[in-house]
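Visitor: This structure is in structure tokens; I'll ask about it shortly.
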Amino acid sequence: MSTLTTKDEDIAAKRLSSANLAPIALNLIAFTLAIGFWWGITAAKLVVLPGPAEVFQRAIELIASGQLPLDIASSLRRVLTGFLLGVAAAIPVGFLMGWYGPVRALIEPYIQFFRMVPPLAIIPLAIVTMGIDEAPKVFVIFLASFLSCVVATYQGVISVDRTLISAARVLGANDGVLFHRVIIPASIPFILVGVRIGLGSAWATVVAAELIAAQSGLGFRMQQAQLYYDLPTIFVSLVTIGILGLLMDRIVQATERRLTRWQERAR
Amino acid sequence: MIEKPVQDADSGPKISFQNVTRRFGEGEASFLALDRLNLDVGDGEFVTVVGPSGCGKSTAMNIAAGLTDVSDGRVLVDGKPVDGPGPERGVIFQQYALFPWLTVRQNVEFGLRIKRMPAAERRRIADHFISLVGLKDFADALPKTLSGGMKQRCAIARAYAVNPTILLMDEPFGALDALTRVNMQDQLLDTWNRERRTVIFITHDVDEAVYLANRVIVMAARPGRLHKIIPVNLPYPRTEEMRLSPEFAEIRNQVWHAVYHQNTRTN
Ligand SMILES: Nc1ncnc2c1ncn2[C@@H]1O[C@H](COP(=O)(O)OP(=O)(O)OP(=O)(O)O)[C@@H](O)[C@H]1O
Ligand SMILES: [Mg+2]
């Protein structure tokens, strides 16, 4: 076995390095081109927008004054609180829905209904009922991540291969063993896809929620900057939002890879 | 090396199908998949089951495994009616049904873990059966890195590990190429010779059916029923010469006729 795995890993490693280097180089080229284009059109005064240098300088200022880190911290805190609560609620509910038919019949209509309502549309209601502090924002994020994750979890449970269930049963598994040794591991890939989508929608929702009502955060900062026609600050916030979203997605993706290494993949 | 199944008059058959009937669907649209199947299999006997597609082979096996209910009749194992799966009946599925997130050894240990066997003993037993099927070098490999034949051998080791007295195999070698298939047949017989179990083995391959069996059970379709039982009076261990002998060819002819010319002869 050792010979086979090492060989496999060698091949995998080689493929990784040659396959990953090219995209990274391409990414860098694309990034440089975009900055160049941005610099070009602003320097030539084709559009009334701040150039890269100006935005970069504003970013330094905002970091130095401590305002950007503060905004990042409050946005992240909201997102992570709502997201973690949402996932923590979605996984057990998704399992119950997949496992017990009656639970599914009871809950599914509500889930489908709320999925059709954009989380942002809940904000006015949340503000009226929960006040304007943290609660309504965290709640909306909770809802956004809960809804995407619960559906994925329950899809995962109902699509577990029947023969795996039979195989476990004939080896002596009762319901409890079946659940935690077969259903849970077999649905992990689905759950992680749900977590990833959930994090994406949580992040999209927090920024929008802060635009509407907040005293801090990246969305709030943009809202403020808009009042003062402060374009560089808006740019800094936008870029920060993009970078943070990308980082969080990469972390979830890496976790997903680790936890589902056993899966057969097309590539 | 026994010619006849060991079967004392007082101990009775190991497994006994009594008027086993299975109907799918309700009322007019209902379909009789299995019509009053009667069959006794002796302790330590190796029977193979052949018959046209849809004649109820898998249905009969799933009923014996406790994975499907009867509409009428019953299956007795050691004189006791079957009610759900049990550890004394091991099942090997055509689709291997290995848990993809577990290594070969963990798969083989699955049933032992359920029995709450101490880790050291579990490992000793697992390693014994992993060697028996020739997978020693792959004990720590994940199923996705194994070939079809290796996966099926792992499934056999997993079934053997919980020490079942009966093995139910549903076209276990159906997905394998001809060469691997012949190897697997020899390995299976070899394993069966060393650790004698009662085996019911479903196959589409007439050659395979004759090569492995004490008796070949031929079934007929619409409705699924027992058609003919053909004894194979060749000694074990079976060899390649035997496979090419006139005696073998004669039995093979009989089985072939029973399967492919069910309407032209007898009944
Ligand atoms: N769950 C089910 N619902 C309805 N009909 C079924 C079901 N399972 C099996 N059948 C029907 O019962 C009949 C027997 O099926 P079974 O799978 O036992 O056949 P088989 O002999 O194993 O065939 P094959 O050789 O193709 O595997 C078939 O006609 C099939 O359509
Ligand atoms: Mg079948």
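Read the figures in this text as sums done on the coordinates, not as results from a lab. In this text the structure is predicted, and so the values were computed from the model without any measurement. Cβ placement follows ideal geometry from the backbone for every residue including glycine, while neighbour counts extend to all protein chains displayed.
Visitor: Determine which member of the set A:V177, A:V128, A:V150, A:V138 is among the β-branched types (V, I, T) and within 14 Å of another protein chain (Cβ to nearest Cβ).
Guide: Values: A:V128 fails: within 14 Å of another protein chain (Cβ to nearest Cβ); A:V150 fails: within 14 Å of another protein chain (Cβ to nearest Cβ); A:V138 fails: within 14 Å of another protein chain (Cβ to nearest Cβ).
Step by step, each of A:V177, A:V128, A:V150, A:V138 is checked, and only A:V177 is among the β-branched types (V, I, T) and within 14 Å of another protein chain (Cβ to nearest Cβ).
Visitor: Please specify each residue of the range B:50-90 satisfying the condition of being among the charged types (D, E, K, R), over 30 Å from B:R252 (Cα atoms) and within 13 Å of ligand 1 (Cβ to nearest atom).
Guide: B:D69
Visitor: Is at least one residue of the range A:61-71 in contact (Cβ under 8 Å) with a residue 12 or more places away in the chain, over 26 Å from the mean Cα position of the chain (by Cα) and assigned to a helix (DSSP H, G or I)?
Guide: Initial filter on the range A:61-71 (in contact (Cβ under 8 Å) with a residue 12 or more places away in the chain): A:62, A:67-68, A:70-71.
Next cut, over 26 Å from the mean Cα position of the chain (by Cα) only: none.
No, because not a single residue in the range A:61-71 is in contact (Cβ under 8 Å) with a residue 12 or more places away in the chain, over 26 Å from the mean Cα position of the chain (by Cα) and assigned to a helix (DSSP H, G or I).
Visitor: Output the residue which, of all residues in the range A:145-171 that are surrounded by 18 or more Cβ atoms within 10 Å (Cβ to Cβ) and free of Cβ contacts under 8 Å to residues at least 24 places away in the same chain, is nearest to A:L120 (Cα to Cα).
Guide: Looking at the filtered set, the residue picked out is A:L164.
Visitor: Related question: In the list B:K136, B:K115, which residue meets the criterion of being closer than 23 Å to B:A64 by Cβ, over 21 Å from the mean Cα position of the chain (by Cα) and facing chain A (nearest Cβ under 10 Å)? Even if it seems obvious, please write down each step before you answer.
Guide: Numbers: B:K136 fails: closer than 23 Å to B:A64 by Cβ.
Sole residue among the options that is closer than 23 Å to B:A64 by Cβ, over 21 Å from the mean Cα position of the chain (by Cα) and facing chain A (nearest Cβ under 10 Å): B:K115.
Visitor: Looking at the range A:56-66, which of its residues are surrounded by 15 or more Cβ atoms within 10 Å (Cβ to Cβ) and closer than 16 Å to A:F220 by Cβ?
Guide: Once the filter is applied, which keeps residues that are surrounded by 15 or more Cβ atoms within 10 Å (Cβ to Cβ) and closer than 16 Å to A:F220 by Cβ, the range A:56-66 yields only A:L62.
Visitor: With the range A:113-218 as the region, which helices (runs of 4 or more DSSP H) entirely inside it contain at least 3 residues that are under 30 Å from B:R158 (Cα atoms) and of a type in the set (A, V, I, L, M)?
Guide: Working: elements: A:119-130, A:134-158, A:162-170, A:175-178, A:184-212.
Fully inside the range A:113-218 and qualifying: A:162-170, A:184-212.
Visitor: Among the residues of the range B:162-176 satisfying the criterion of being within 12 Å of another protein chain (Cβ to nearest Cβ) and in contact with an Asp or Glu (Cβ under 7 Å, 6 or more places away or on another chain), which is nearest to ligand 1 (Cβ to nearest atom)?
Guide: Here the answer is B:I166.
Visitor: Restricting attention to the range B:179-200, does a residue exist that is within 12 Å of the chain's Cα centre (by Cα) and within 16 Å of ligand 1 (Cβ to nearest atom)?
Guide: yes
To keep it simple, each residue is scored yes or no on (1) more than 11 Å from chain A (Cβ to nearest Cβ); (2) surrounded by 23 or more Cβ atoms within 10 Å (Cβ to Cβ).
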{"site": "B:P85", "(1), (2)": "no, no"}
{"site": "B:R89", "(1), (2)": "no, yes"}
{"site": "B:V104", "(1), (2)": "no, yes"}
{"site": "B:G149", "(1), (2)": "yes, no"}
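Visitor: Scan the range B:166-223 residue by residue and report those that are away from ligand 2 (no atom under 15 Å from the Cβ) and hydroxyl-bearing (S, T, Y).
Guide: Selection gives B:T180, B:T191, B:T198, B:Y211.
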